[in-house]
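S.K.: My questions will all concern the structure given below.
The values are calculated or read from the model by the stated rules, or taken from the named source; none is laboratory data. Nothing here was measured: the structure is a model prediction, and the numbers come from that model. Positions of Cβ are generated from backbone atoms using ideal geometry, with glycine treated the same way; all protein chains shown enter the neighbour counts. Accessible surface areas use protein heavy atoms only, side chains included; no ligands, DNA or RNA. Shrake-Rupley method; radii C 1.70, N 1.55, O 1.52, S 1.80 Å.
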Amino acid sequence: MKRILSILLAFVFFCTAFWAVQRLLMPKYMSNPFEGALTAEYYRSNFAHDLIIIGSCEVYSNISPVVLWEEYGIPAFIRGNPQQLMWHSRAMLEDTLRHETPRAVLLSIQALMYPTPPHDGEPYNRMVFDGMRLSLPMLRNVRESMTPEESMLSYVFPLLRFHSRWQELNHEDLQFFWRRDPVSINGFVMRADVLPSGWIPPPAMLPDYSFGQQAIDALYDMLAITQEHGIELILFKAPSLLPHWHNEWDAWVVDFAEQHGLPYFNAITSTDTIDHQYHTFNGGLNLNLAGAERLTRYLAPWLMDNAPSLTDRRGEPALDAHWQQLATQYRAWQAAQEAEIAETGRVYHSILLRNALS
Amino acid sequence: MTFISPWFLGGLCVLFVLYYTLPKRAQWPLLLLASLGFYALAGWAALAAMLVTVAASYGIAMHMSKLKIAQKAHVAQHRDSMTRDERKAYNAAQKRRQRGWLIAGLLFNFSLLAAVKIGEALARIDIIPSMIFFVGISYYMFRICGYLIDVFWGKIEVQRNPLKLALFTIFFPYAMIGPISRYHNVADALLNEKRIDWALFGRGLQRMIWGFFKVMVVGFRLLLSINHLRATPGEYSGMFAFFTMLVWGAYLYADFSGAIDISIGIAMCFGIRVEENFISPFRARDIFDYWRRWHITMGTWFRDYVFYPLSVAKFMQKWPTRVKIHIATAVTWFTTGIWHGVAWNFIVWGLSNGVVIMISQELKPLYERFNKRFSFTKTKVYTCFAIVRTFLLLTLIRAFDIYFDVPLTFRHFASFITNPQFGAFFRYFGEHEVWFGLAPLEWLVAALGIAVMIAVPWFRKEEKRRPPAIFWAALVLVIFIFGMYGLGFDMQDFFYMQF
């Protein structure tokens, strides 16, 4: 009996210590790269979103959920991560459906241009999946996303991946052991500063303009999933100057959208409201706050016209109160960034929401 | 596949469950299947070579056994009709026939081993293309040849079931890295039906954990530094070279004894006890003591099957005893070197051991007189001196395996005197943030690991006071945190798996 008790005690000790050490050693993503905290941020929201926006920085920097709500009454959440590939997006969609069923999904199709998991894609895989709750769909998507050096087990037990961080532990690891601060407002990452686009290299001719099969399969999967759940799928391309979006690619997407009766909004060709001398914070790759708000104001009416399931939900007290709170944070963040820009010309400190709100 | 693989560990768990839940008569066939599967993962050609060896050895052992039985029957039948001289002559003739078969078997097996070793040596210097890696061939060859010799000597009964003999030869925990078990030591445990012995199972798990700690926390960490140090050996002479030799010794012990601990631990979990291979080798007081503590099963194999038979061989009888012993010692250590590989560094390593042993044997009377005359030789301080002296001596001998380059190793020895670089060595630590490929904190972990490894003579405490379960839980956690594995770490095979 004594031996069994001692073994039980050792087991409990091991599990507890393993959990604690794992939590300590996992990156907290509370400063650079804070985008790794975006996936987990979704679980803090109240799961009442009519529109889920899925994609890479082409969505989380470019569309403002607060403008969507305040001006059009669409409650939206952005599920985006840096370099989010199509199969990552499928993982986001499947994960979302475990918690809520939105009326519409706006999907960035830019990642179709990436045919297979890039060799150096491990950090991006981690940013997508580290914050995601463990589930079978998640593991299936992990399997498709992994680089050859990665192991599935390290996504179930992240300690196996991050154990060597014991040398890099800092105050942030202790500070955020129990809690996390928000890094976005409903998935939106704000940048109010301006870095105009300079010389843009001409698009390189490609030997083959076909998309990769893995990316196409993920798109078809998302189409099937949304159809199965009665969700409207809307395709979207942000007005980025880089990486270049070839006409041949666009033609494929247009064709695909027509074949399946999907609305497709290509902001490169659909709008001339974006001026990359003023509306970008990184030389034309992504929009800054002014650009994001402009694009959102252009996109939202088109959405209302093309996605009938999206209606104006303003006036619902619970939603109003929730969004009022988010809008207040949004304005505070904006004010902090504008103050820092006035002082230094760029956004450094207030890039983090918690710094802006503190 | 190595022991440090989630697939291996997962498969092992399944195997434990099957082993103890299936009918007991299925236990040894299950182990054989698992061993064949494990070996097949190393390559079909390697598996085929192993099976050919087992088949040939089985046939020869059976034939020797038949000859023995026929001999006994003949002598019994003609007891009255044969004179003593006739009986003697008949027995001698029969023995010669059996010896002929034994030599044929040994020649066959060692030819295969030699072909593989020579092929590897030629491939190393690009004379022939790279060969298939016949993993663990040195180990199973020695097991099976030991078996043949024991059958010939009549020490053991012949194994009539070839599958059981195959299991003895390639039982997967010791297939790749040893220990080099003897048939009479493990056969019963391997082949008997067993109920689970929870105490032994628990000790097996603990032994595995201990092995993983040595290999993953200490061995693999030091290997990073070793790889750095030998990448540019010309730069690191004098004290640097001496430091490399010290690190090499610690690495080799952690890697090899750790792998053996895992191997022994797995066998224990199956209810099978195999021989110990290490008994605190860094506590040895002289080279004889060292070889009773380091790679014990290899040492005893060469002692029993090479040294002793050679010492008493007829053709040696014309020499005085001391000459006989020296010749046998030289041959034994030459073959020990060759066993490691057909390369000058291994041969010089083997012969260096032999030379030191021969000198020690010659000086033995002098030492005994010295020890008798001076009482301080019985103090702990002198014991420590003897331990350090032996450690340093073996550190130098072991150095031949670091660079696989004999002239370079000798140049490094010479540099201890001609260019010791004391100042440069100690300045190095102040001038660099990373020390020989490892960050200072990594060195701290390695040093603590080495201290724990040397301070805990596992086998002695095993049966007495064992640490509580919580200690093992903590050690597993230490392995998870400080072990070298995962992304960015290039996992390499155990050093001794190449033999």
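S.K.: Determine, yes or no, whether B:Tyr147 is out of contact with any Phe, Trp or Tyr (no Cβ under 6 Å at 6 or more places or on another chain) and assigned by TED's automatic domain parsing to the domain that holds B:Ala104.
M.R.: Details: out of contact with any Phe, Trp or Tyr (no Cβ under 6 Å at 6 or more places or on another chain): no; assigned by TED's automatic domain parsing to the domain that holds B:Ala104: yes.
Here the answer is no, as B:Tyr147 does not meet what is asked.
S.K.: Could you check segment A:154-206 and list, in sequence order, the residues that are in a loop (DSSP other than H, G, I, E, B), among the small types (Gly, Ala, Ser) and touching a Leu at 6+ places or on another chain (Cβ under 7 Å)? Full working, then the answer.
M.R.: So the first thing to find is which residues in segment A:154-206 are in a loop (DSSP other than H, G, I, E, B), and the list is A:157-158, A:168-170, A:176-184, A:186-187, A:189-206.
Next cut, among the small types (Gly, Ala, Ser) only: A:184, A:187, A:192, A:197-198, A:204.
A:Ser184, A:Gly187, A:Ala192, A:Ser197, listed by residue number.
S.K.: Which count do you get for residues in segment A:264-299 that are in a loop (DSSP other than H, G, I, E, B) and among the acidic types (Asp, Glu)? Let's see the steps before the verdict.
M.R.: Taking segment A:264-299 first, the residues in a loop (DSSP other than H, G, I, E, B) are A:271-279, A:281-286, A:288.
Keeping just the survivors that are among the acidic types (Asp, Glu) gives A:272, A:275.
The number of residues fulfilling the criteria is 2.
S.K.: Which one of B:Phe220, B:Phe213 is buried (at least 17 other Cβ atoms within 10 Å of the Cβ), over 30 Å from B:Arg411 (Cβ atoms) and not basic (Lys, Arg)?
M.R.: Just one listed residue meets the conditions, B:Phe213.
Matching residues to (1) aliphatic (A, V, I, L, M); (2) in contact (Cβ under 8 Å) with a residue 24 or more places away in the chain; (3) closer than 29 Å to B:Asn91 by Cβ; (4) part of a helix (DSSP H, G or I):
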site: B:Phe134; (1), (2), (3), (4): no, yes, no, no
site: B:Phe152; (1), (2), (3), (4): no, yes, yes, yes
site: B:Ala166; (1), (2), (3), (4): yes, yes, no, yes
site: B:Tyr174; (1), (2), (3), (4): no, yes, no, yes
site: B:Ala187; (1), (2), (3), (4): yes, yes, yes, yes
site: B:Glu193; (1), (2), (3), (4): no, yes, no, no
site: B:Gly202; (1), (2), (3), (4): no, no, no, yes
site: B:Gln206; (1), (2), (3), (4): no, yes, no, yes
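S.K.: Would you say A:Arg180 is more than 19 Å from A:Arg44 (Cα to Cα) and at pLDDT below 95?
M.R.: Numbers: more than 19 Å from A:Arg44 (Cα to Cα): no; at pLDDT below 95: yes.
Judged against the criteria, A:Arg180 is not a match.
S.K.: Taking the options A:Ser108, A:Ser45, A:Ser61, A:Ser89, name whichever one is surrounded by 24 or more Cβ atoms within 10 Å (Cβ to Cβ), among the small types (Gly, Ala, Ser), out of contact with any Leu (no Cβ under 7 Å at 6 or more places or on another chain) and touching a residue at least 60 places away in the same chain (Cβ under 8 Å). Please lay out each step first, then the result.
M.R.: On the way: A:Ser45 fails: surrounded by 24 or more Cβ atoms within 10 Å (Cβ to Cβ); A:Ser61 fails: out of contact with any Leu (no Cβ under 7 Å at 6 or more places or on another chain); A:Ser89 fails: out of contact with any Leu (no Cβ under 7 Å at 6 or more places or on another chain).
After ruling out the rest, the residue left standing is A:Ser108.
S.K.: When you scan segment A:167-186, how many residues do you find that are open to solvent by less than 60 Å² (accessible area, probe 1.4 Å) and more than 14 Å from chain B (Cβ to nearest Cβ)? It would help to see each step written out before you state the result.
M.R.: Narrowing segment A:167-186 to residues open to solvent by less than 60 Å² (accessible area, probe 1.4 Å): A:172-173, A:176-177, A:181-186.
After this cut, where a residue has to be more than 14 Å from chain B (Cβ to nearest Cβ) as well, the list is A:172, A:176-177, A:181-186.
Residues flagged as open to solvent by less than 60 Å² (accessible area, probe 1.4 Å) and more than 14 Å from chain B (Cβ to nearest Cβ) within segment A:167-186 amount to 9.
S.K.: Would a scan of segment A:103-121 turn up a residue that is farther than 24 Å from A:Tyr209 by Cβ, in contact with a Lys or Arg (Cβ under 7 Å, 6 or more places away or on another chain) and β-branched (Val, Ile, Thr)? Spell out how you get there, then give the answer.
M.R.: Residues of segment A:103-121 farther than 24 Å from A:Tyr209 by Cβ: A:103-106.
Remaining after also requiring in contact with a Lys or Arg (Cβ under 7 Å, 6 or more places away or on another chain): none.
No, segment A:103-121 contains no residue that is farther than 24 Å from A:Tyr209 by Cβ, in contact with a Lys or Arg (Cβ under 7 Å, 6 or more places away or on another chain) and β-branched (Val, Ile, Thr).
S.K.: Does A:Ile200 satisfy the condition of being more than 14 Å from chain B (Cβ to nearest Cβ), β-branched (Val, Ile, Thr), over 30 Å from A:Glu343 (Cα atoms) and in contact (Cβ under 8 Å) with a residue 60 or more places away in the chain?
M.R.: no
S.K.: Of all the strands (runs of 3 or more DSSP E) wholly in segment A:1-108, which have at least 2 residues that are β-branched (Val, Ile, Thr) and more than 14 Å from chain B (Cβ to nearest Cβ)?
M.R.: Values: elements: A:51-55, A:76-80, A:104-108.
Fully inside segment A:1-108 and qualifying: A:51-55.
S.K.: Count, please, the residues in segment A:148-166 that happen to be closer than 27 Å to A:Asp221 by Cα and either within 9 Å of chain B (Cβ to nearest Cβ) or of a type outside the set (Ser, Thr, Tyr) (or both).
M.R.: Final tally of qualifying residues: 8.
S.K.: Quick one: which residue in B:Ala121, B:Ala70 is part of a helix (DSSP H, G or I) and exposed (fewer than 14 other Cβ atoms within 10 Å of the Cβ)? Walk me through it before giving the result.
M.R.: Numbers: B:Ala121 fails: exposed (fewer than 14 other Cβ atoms within 10 Å of the Cβ).
Testing whether each residue is part of a helix (DSSP H, G or I) and exposed (fewer than 14 other Cβ atoms within 10 Å of the Cβ) leaves just B:Ala70.
S.K.: Can you name the condition, by its number, that A:Thr147 falls short on among (1) open to solvent by 60 Å² or more (accessible area, probe 1.4 Å); (2) at pLDDT below 95?
M.R.: For A:Thr147, the failing item is (1).
S.K.: Which number in (1) closer than 30 Å to B:Ile125 by Cα; (2) touching a residue at least 40 places away in the same chain (Cβ under 8 Å) marks the one condition that B:Ala414 misses?
M.R.: With (1) closer than 30 Å to B:Ile125 by Cα; (2) touching a residue at least 40 places away in the same chain (Cβ under 8 Å) applied to B:Ala414, the lone miss is (2).
S.K.: Show me the helices (runs of 4 or more DSSP H) entirely contained within segment B:338-424 in which 2 or more residues are among the β-branched types (Val, Ile, Thr). Break it down stepwise before answering.
M.R.: Details: elements: B:344-373, B:380-398, B:400-403, B:406-418.
Qualifying helices (runs of 4 or more DSSP H): B:344-373, B:380-398, B:406-418.
S.K.: Can you pull out the residues in segment A:245-263 that are in a loop (DSSP other than H, G, I, E, B) and loosely packed, with under 15 Cβ neighbours inside 10 Å? Give the steps one after another, and end with the answer.
M.R.: Step one: list which residues in segment A:245-263 are in a loop (DSSP other than H, G, I, E, B), which gives A:245-246, A:261-263.
Result: A:Gly261, single match.
S.K.: Within segment A:16-36, how many residues turn out to be modelled with pLDDT of 95 or more and either under 30 Å from A:Thr311 (Cα atoms) or open to solvent by 60 Å² or more (accessible area, probe 1.4 Å) (or both)?
M.R.: Counting residues in segment A:16-36 that are modelled with pLDDT of 95 or more and either under 30 Å from A:Thr311 (Cα atoms) or open to solvent by 60 Å² or more (accessible area, probe 1.4 Å) (or both) gives 3.
S.K.: Also, quick follow-up: Go through segment B:1-17 and give me each residue that's modelled with pLDDT of 95 or more and either loosely packed, with under 14 Cβ neighbours inside 10 Å or more than 18 Å from B:Phe171 (Cα to Cα) (or both).
M.R.: Answer for segment B:1-17, where residues must be modelled with pLDDT of 95 or more and either loosely packed, with under 14 Cβ neighbours inside 10 Å or more than 18 Å from B:Phe171 (Cα to Cα) (or both): B:Cys13, B:Val14, B:Val17.
S.K.: Ok, one more. Note down all Cβ pairs under 7 Å where the first residue falls in segment B:18-29 and is closer than 12 Å to B:Lys194 by Cβ, the second is open to solvent by 40 Å² or more (accessible area, probe 1.4 Å), and they're at least six residues apart or on different chains.
M.R.: Sorted first by the residue in segment B:18-29, then by its partner, the pairs are B:Tyr20/B:Ile196; B:Lys24/B:Glu193; B:Arg25/B:Glu193; B:Gln27/B:Glu193; B:Trp28/B:Lys164.
S.K.: Next question. Which one is nearest to the other protein chains (Cβ to nearest Cβ), of the residues in segment A:112-123 that are at pLDDT below 95 and open to solvent by less than 30 Å² (accessible area, probe 1.4 Å)?
M.R.: Filtering segment A:112-123 for residues that are at pLDDT below 95 and open to solvent by less than 30 Å² (accessible area, probe 1.4 Å), the one nearest to the other protein chains (Cβ to nearest Cβ) comes out as A:Glu122.
S.K.: Has segment A:124-138 got any residue that is more than 11 Å from every other protein chain (Cβ to nearest Cβ), under 30 Å from A:Glu340 (Cβ atoms) and open to solvent by 50 Å² or more (accessible area, probe 1.4 Å)? Spell out the reasoning first.
M.R.: Restricting attention to segment A:124-138, the residues satisfying the condition of being more than 11 Å from every other protein chain (Cβ to nearest Cβ) are A:124, A:127-138.
Those still in the list that are under 30 Å from A:Glu340 (Cβ atoms) too: A:124, A:127-128, A:130-131.
Keeping just the survivors that are open to solvent by 50 Å² or more (accessible area, probe 1.4 Å) gives A:124.
Checking segment A:124-138: at least one residue is more than 11 Å from every other protein chain (Cβ to nearest Cβ), under 30 Å from A:Glu340 (Cβ atoms) and open to solvent by 50 Å² or more (accessible area, probe 1.4 Å).
S.K.: Can I ask one more? Quick one: is B:Ile454 open to solvent by 50 Å² or more (accessible area, probe 1.4 Å), among the β-branched types (Val, Ile, Thr) and in contact (Cβ under 8 Å) with a residue 24 or more places away in the chain?
M.R.: yes
S.K.: Can you name the helices (runs of 4 or more DSSP H) wholly within segment B:433-483 that have at least 3 residues being modelled with pLDDT of 95 or more?
M.R.: On the way: elements: B:440-455, B:458-462, B:469-482.
The qualifying helices (runs of 4 or more DSSP H) are B:440-455, B:469-482.
S.K.: If I filter segment A:315-328 for residues that are in contact with a strand residue (DSSP E or B) (Cβ under 7 Å, 6 or more places away or on another chain), open to solvent by less than 70 Å² (accessible area, probe 1.4 Å) and part of a helix (DSSP H, G or I), do I get at least one hit? Even if it seems obvious, please write down each step before you answer.
M.R.: Kept after step one, since they are in contact with a strand residue (DSSP E or B) (Cβ under 7 Å, 6 or more places away or on another chain), are these residues of segment A:315-328: A:326.
Filter once more, so that each one left must be open to solvent by less than 70 Å² (accessible area, probe 1.4 Å): A:326.
Still in the list and also part of a helix (DSSP H, G or I): A:326.
Scanning segment A:315-328, I find at least one residue that is in contact with a strand residue (DSSP E or B) (Cβ under 7 Å, 6 or more places away or on another chain), open to solvent by less than 70 Å² (accessible area, probe 1.4 Å) and part of a helix (DSSP H, G or I), so the answer is yes.
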